[in-house]
């Protein structure tokens, strides 16, 4: 942690065993090993080839610096593409997501991103396409296995990498909210810092609430409690459902009555239905009888006769129509041949007329050329031929006149006229010569005019660029007010931080402040020894008091008057035995009396000893207790002496450490930690003050250098001028120099323009020569060879007219030849028809057609009359044997007969339906029902059926209910519905219990995992979090500590020596604590797995400059472990990053 700028912060208090393990792990973990190329992954270059708004844009992060933090700042305005670049990085690693939100400039299939990565497998160049499979390829287009990238990423998926290795303002705020919701729970906070995930507190609370909804101790509205109450109610209902003999008789009678009622209802329903069906059959037969009578009456109006043959109606209609058409055709023919109408019936066949008709069709159908009808073409040609020949002569005369005017007498129009393409080329070539000549003349005029306006040469003034650069450097020189204010604020902060410290406190800091672990190693044994001595002194005093009380009780028990000791009993027995021996030897009265007295004394001693048994027991117990407590007193005194020796040794260690802090030897142990906090804060304040002084000095030097350069650039003009007036003099000098430079630049530009005009003039001359050569080549071999452009342009109208006349002459000549061909063709086609009609060759086509059409119409009239007679014979055959008038319209007659046949069919169908309606009914009853014409009888019978069905359904329901009641009673299930409800309730409670148990076990597992996570990560991670938190808050929160609360351990912050719960911190402070947790989590991941690129996006939105600088320094700490990439749209953060992280790389988006 030597590179960590927050190394002066405190570590959290924790067991010494855990600290020893942490120190062991810390010695084995070398973050620099990964920076030197171990199991790491680094982004060297990101290629936005076709992605979002970017096309072939590269973000080059360069190689990892050897001795500086690997931090890159990507700066760009809003909408510059910072989020696009980060998403492209994720898409490269994990593939394009569905929807392709960045496929707005390019189609999804065109998206392509790439990168150069420094991986455990060496430098890798990758590309990611939008293909569904095999989208990850190398530089040669070969597929790369996704497992390789997953191995480089330590198995993290997209969401896990995003939450662990990226941070933005929103996530920072949500992390602060998670800290508040966790109420400082250490396991949850460490998990949030390591994984980057939030919402764990809310999820655990939600699961706990779901478990409580099912069961909660003492809860009356839980699902389990309400289910138990309902089960008791259902059990009571089931116990009440019992069957006795009287109930059985009642249920059996109800069942039999229901059976009888159901059978009676069934009979009544069948009777009602039969009566209704009989009535409906009678109604149907009455309707059919009416149809039969109506059909018979209708047939009386139609003629007799057999039914018409099949398709008779359509055949008669077609024949009648054909007959009518032939009559019309005949009438038309007769109108054309009025002379033949009177003798039409007596005419015989006309074979010659038929041949004429055939030749006429041939003539009318003949075509000419490309399918054009011959007949109208020949008629038009005969009428128009002479006129067209006259027009052709006029055009030829005009062409000869134009040829003479252009080429002289005797000129042939055909050789003078030019094709349209040649004429156009001639026009273009002559026009190009004229244009080139005009351009050359214009260039010459422009050059001579420019030369006349050019004055004497003007030289550019020297020193302008140098003066402009000096002025720009002066304007860019930093303002000293901000740096001076910052330096004064830092000095004030330093004075506040060092208030109360001895003057030589820098020496103590320079000598190296003891580590927190070292302080804890001294103060914790001291506190433990002091606590142990106090406890042992208390226990020694208590032991002495207990022994004194026990000794007093023993003495009291020993001095009780009713206590007969065993020695007295033995003494009395010995006296009795002696008196007996004396009396047996003497056998006199005095010995007998002495023996009697001895016996009485012995009896009294025995009785007293027996009566004092309880007192002796109490005395023995008191004696034993006094001895035991004496031993306890002696051990407590020895332990107190040993604790005093330990406390003396610990006090010596505290005094020695106090001397390193400049504290008196009598300083309390707690003062060591406080003094170290003060010294660490003072060191931080001194560092910031020194940095602010360095910034101020650097800005002063920069400003002085800019001022000196400005005076040097002004030369003599800047001598003796005050600093405040120097910029104005420099600005005026720049304006003067710029005016002189503008004049010189204008002269040089004019000179360049004249030189350009000369070159243009030479080009124009060359272009004119080329155009004249091209015109000569165009006219070579023509009648106009050698003519200049002016003559040719003047002759163009006549040439165009000659070309037009030649085209018109050719068109009319072609048309005349076509007319002559049409006339000749018509003569050949109509030659046989003329012969048949006896017409001369000179007859016109109109005369030929009139004669041919008259002869053809006569033949057509005879054919139509014959066909009409055939149609009449067909109609007569189809209607033979039918009654009615035979001279009427055959179509109307056949339609009448068709309606007759249809009516006969209806009659037959009605008679058949009448017979079928009788069904299987009794004929007499059916006849009687038909005679009954009551209009509401049918509806009445239908209502009776509905009523009978209702009564039958009611009887059926009662029968089912009676049977079910008896069956249930016989089966001992009088409580079927309650029993079913009970079974469903039990199953529902069982299922809910399983789900609640699963949730509860999951909750226990989650909390257990959090406890294990807390135990595994509370060491180094808490230490790193404390250091980062102290640094980012500028020492306002120098320490973090833990407090036991219930079964868990909770994190608190220490401010001004007082613990503050995490939930009591401000929202901003909670966010900064979350940032510190994420920095510590990143360190833990790197120590275990190796570094991956960490990306932040404008996480300093709510930070002031000091907090932002501190956060940037933490980014530098992360950059020493691995690669850190910071996106921002704030320019001042770029400046702060350059000041806080020397050598930081900056990439500008835009």
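The values are calculated or read from the model by the stated rules, or taken from the named source; none is laboratory data. Treat the numbers as computed from the prediction; the structure is a model and nothing was measured. Note that each Cβ is placed from the backbone with ideal geometry, even for glycine, and that neighbours are counted across all protein chains shown.
Things to note:
- Residue 544 vs. criteria modelled with pLDDT of 85 or more, surrounded by fewer than 20 Cβ atoms within 10 Å (Cβ to Cβ), touching a helix residue (DSSP H, G or I) at 6+ places or on another chain (Cβ under 7 Å) and assigned to a helix (DSSP H, G or I): yes
- Filter pass, residue 1059 being at pLDDT 75 or above and more than 20 Å from residue 1080 (Cα to Cα): yes
- Boolean, residue 822 is within 19 Å of residue 420 (Cα to Cα), over 60 Å from the mean Cα position of the chain (by Cα) and surrounded by 18 or more Cβ atoms within 10 Å (Cβ to Cβ): no
- Taking the conditions (1) in a loop (DSSP other than H, G, I, E, B); (2) in contact with a strand residue (DSSP E or B) (Cβ under 7 Å, 6 or more places away or on another chain); (3) at pLDDT below 90 in turn, residue 86 satisfies each one other than (1).
- Within region 714-730, the set of residues being under 12 Å from residue 468 (Cα atoms) and more than 60 Å from the chain's Cα centre (by Cα) comprises 714 only.
- Count of region 646-701 residues which are more than 30 Å from residue 482 (Cβ to Cβ) and either in contact with a helix residue (DSSP H, G or I) (Cβ under 7 Å, 6 or more places away or on another chain) or surrounded by fewer than 20 Cβ atoms within 10 Å (Cβ to Cβ) (or both): 30
- Of the listed requirements (1) loosely packed, with under 13 Cβ neighbours inside 10 Å; (2) at pLDDT below 70; (3) touching a helix residue (DSSP H, G or I) at 6+ places or on another chain (Cβ under 9 Å), residue 972 misses just one: (3).
To keep it simple, each residue is scored yes or no on (1) within 30 Å of residue 1135 (Cβ to Cβ); (2) modelled with pLDDT of 85 or more; (3) in a helix (DSSP H, G or I); (4) in contact with a strand residue (DSSP E or B) (Cβ under 8 Å, 6 or more places away or on another chain).
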| residue | (1), (2), (3), (4) |
| --- | --- |
| 659 | no, no, yes, no |
| 667 | no, no, no, no |
| 671 | no, no, yes, no |
| 676 | no, no, yes, no |
| 697 | yes, yes, yes, no |
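- Among residues of region 607-617 being surrounded by 15 or more Cβ atoms within 10 Å (Cβ to Cβ) and under 30 Å from residue 582 (Cα atoms), the one that is modelled with the lowest pLDDT is 609.
- Residue check, residue 711 in contact with a helix residue (DSSP H, G or I) (Cβ under 7 Å, 6 or more places away or on another chain), more than 30 Å from residue 440 (Cα to Cα), part of a helix (DSSP H, G or I) and touching a residue at least 24 places away in the same chain (Cβ under 8 Å): no
- Selected residue (criterion: surrounded by the most Cβ atoms within 10 Å (Cβ to Cβ)) from residues of region 733-781 that are over 30 Å from residue 447 (Cα atoms) and within 60 Å of the chain's Cα centre (by Cα): 734
- Only one entry in 643, 636, 620 is surrounded by fewer than 17 Cβ atoms within 10 Å (Cβ to Cβ) and either farther than 30 Å from residue 1034 by Cα or under 60 Å from the mean Cα position of the chain (by Cα) (or both), namely 620.
- Flag if residue 421 is farther than 30 Å from residue 734 by Cβ, in a helix (DSSP H, G or I) and in contact with a helix residue (DSSP H, G or I) (Cβ under 8 Å, 6 or more places away or on another chain): no
- For region 907-932, the candidate set comprises residues that are in contact with a helix residue (DSSP H, G or I) (Cβ under 8 Å, 6 or more places away or on another chain) and part of a loop (DSSP other than H, G, I, E, B); within that set, the residue that is modelled with the lowest pLDDT is 919.
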